[in-house]
Amino acid sequence: MHLPIYLDYSATTPVDPRVAEKMLPYLCERFGNPASRSHSFGWEADAAVEEARNEVAALVHADPKEIVWTSGATESDNLAIKGAAHFYGETKGRHLISVKTEHKAVLDTLRDLERQGFRVTYLDAQKNGLIDLEAFQAALRDDTALVSVMLVNNEIGVIQPIAEIGDLCRARGIIFHVDAAQATGKVDIDLSALNVDLMSFSAHKTYGPKGIGALYVRRKPRARLEAQMHGGGHERGLRSGTLATHQIVGMGEAFRLARLEMAAETARVRRLRDRLLDGVSRIEAVHVNGDMTARVAHNLNVSFAYVEGESLMMALKDLAVSSGSACTSASLEPSYVLRALGQPDELAHSSIRFTLGRFTTKEEIDYAVELLRQKVGKLRDMSPLWEMAQAGVDLDAVQWAAH
Amino acid sequence: MSYSVKVIDHYENPRNVGGFDADEAGVGTGMVGAPACGDVMKLQIKVNDNGVIEDARFKTYGCGSAIASSSLITEWVKGKTVDEALEIKNAQIAEELALPPVKIHCSVLAEDAIKAAVADYRKKHCA
């Protein structure tokens, strides 16, 4: 077993060796510009790009013509939200709806639109992380132009009810964007059945390379966008810039493998995640964050009460995991996602996200559980809060000196 | 977050973890911070009849820097008089542990903990 153990597959995944192999020829040999129409170098590259487009479309049951290449999910989110807001803002209205637990690529894009005069409603999530459909329906207005809700949450892995949200949006002629960066290869996505107009994808969360993504733009009924990147008119004018053939080939192969292997892989990863959950549940005062049913198979997010997240991360240096506590950045703020669920700050501070993947083994999970048991115990022996809780003190009743 | 060797040493081998009976004469207890802020320090000193701190204990809920700051300060106060202990400044702790700017508050908390422990001791002692 190799240390440290990688349990951060929602941050990024390794490129599958089969994907890397498929990409290689497009760097030195088949290097043509897919936009070169006048010679075989260009034709060859163009054929590879279109084959990859077919694969991306096939995974999500879309038409290849509905797939636009971008640099990744962040760019896709920006293009979808700014592009639709600018296109429909004048005619439909300048009100937008999203959720407080969305990724920063969505939230910060919306903030930018607010500075331009758009108004945004940020819905609360329920305690289990899921959106309340009644509250959503109540937030819809006559001037609502766009709704953006992610399919799978990056921190807690919950799956939002996008089919229902899509139906509500379609009935009122509202454009519906879905960030599906964390979802491909994890849950079935059928865009032929869903009322989704725009959907963002990333390659590197699904065993493809970093720096490449795609945006699904529905054709029937047609979703219109204002381009955010201008230039040579690539991608039917929606996203100019020379296509990164090798990256695109990688994304296509990664999504092809996801389509073929998703069912078996999900079952295997779920068994490992449940093994981890079982082991972690044997530790006292552990709290699972987010719904366990409407959730992807590879995510476990837990708070270890009375232990601070960053010190736990330090103790777990043999595990590559991420903490809900953003103490590791400069902000010292606990996770805004867990806070949005109404989680007390101290539990938000002590959360750890484990995300498993294609190369996770049973031995690694067993090692992780044993390490957690030891280190949580050690830190609790050192924790005044644990001592007080053991003595029966109600920590909520204590007058803390905030600093 | 990359920690200094000293922070990692104190974190992995914390000195003087534990506690004294808070009701015992000569024991001063200071508890500072708040769970919602991500750190709580409990520092206890045991003062002899000559006003010298002969032992100290801590328990800390917090990041590695908070644990290291409290571990370090238990070492520093031992053998000092309570007046000398009050002279310890957070900047000295931050310098000794090479804390990055974002972690300076951990050293401030350790200084506050000592002050609170001495105040508690004096309150009991003078009463």
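Summary table below
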read-out: Per-residue average of Cβ from other chains inside 10 Å of A:338-349; value: 2
read-out: FRET efficiency for B:Lys6 and A:Leu3, using Cβ-Cβ distance with R0 set to 25 Å, rounded to 0.05; value: 0.55
read-out: Solution diffusion estimate, µm²/s, Stokes-Einstein, segment B:22-64, Kirkwood Rh from C-alpha pairs, 20 °C, viscosity 1.002 mPa s; value: 189 µm²/s
read-out: Chain A: most fluctuating residue of A:Gly357, A:Gly185, A:Gly237 per GNM, C-alpha cutoff 10 Å; value: A:Gly237
read-out: Gap separating the Cα centres of segment B:29-75 and segment A:11-32, nearest whole Å; value: 54 Å
read-out: Directionally averaged shadow of chain A, computed from the convex hull of its alpha-carbon atoms, nm²; value: 21.5 nm²
read-out: Burial ordering of B:Cys63, B:Cys37, B:Cys126, A:Cys169, fewest other beta-carbon atoms within 10 Å first; value: B:Cys126, B:Cys37, A:Cys169, B:Cys63
read-out: Built amide H within the under 5 Å cut-off of A:Gln182, gap 5+; value: A:Val152
read-out: Given charges at beta-carbon only (K, R positive; D, E negative), |dipole| of segment A:1-117 in Debye; value: 400 debye
read-out: The protein assembly as shown, helix-only ellipticity at 222 nm - DSSP H runs n ≥ 4, -39,500 (n - 2.57), divided by all residues, nearest 500; value: -12500 deg cm²/dmol
read-out: Loop-located trypsin sites (Lys or Arg not before Pro) in segment A:251-297 whose Cβ has at most 13 other Cβ within 10 Å (DSSP); value: A:Arg282
read-out: Acute angle (nearest 10 degrees) that the helix A:362-381 long axis makes with the longest principal axis of chain A, alpha-carbon atoms; value: 40 degrees
read-out: At R0 = 35 Å, FRET efficiency that the Cβ-Cβ distance of A:Ala401 and B:Val52 yields, to 0.05; value: 0.80
read-out: Virtual spin-label span in nm between A:Ala171 and A:Arg141, 7 Å along Cα→Cβ; value: 2.1 nm
read-out: Shielding by partners - mean other protein chain Cβ count within 10 Å, residues of A:374-385; value: 4
read-out: Tail weight of P(r) past 25 Å, computed on alpha-carbon pairs of segment A:29-134, percent; value: 45 percent
read-out: Lysines with Cα under 23 Å of B:Lys78, excluding same-chain neighbours fewer than 8 positions away; value: B:Lys6, B:Lys42, B:Lys46, B:Lys59, B:Lys89, B:Lys115, B:Lys123, B:Lys124
read-out: Other protein chain Cβ atoms within 10 Å, averaged over every residue that makes up B:55-67; value: 6
read-out: Positive-pole candidate from A:Met292, A:Pro209, A:Leu130, dipole of chain A, charges at beta carbon; value: A:Pro209
read-out: For segment A:279-403, convex hull volume per residue from C-alpha positions, Å³; value: 128 Å³
read-out: Rounded to whole Å, sorted largest first: equivalent-ellipsoid semi-axes of chain B, Cα gyration tensor; value: 24, 14, 13
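No value in this document is a laboratory result; all are computed from the given coordinates. Owing to the predicted nature of the structure, the values given are computational and were not obtained by experimental measurement. With ideal geometry, Cβ positions are generated from the backbone for all residues, glycine too; neighbour counts draw on all protein chains shown.
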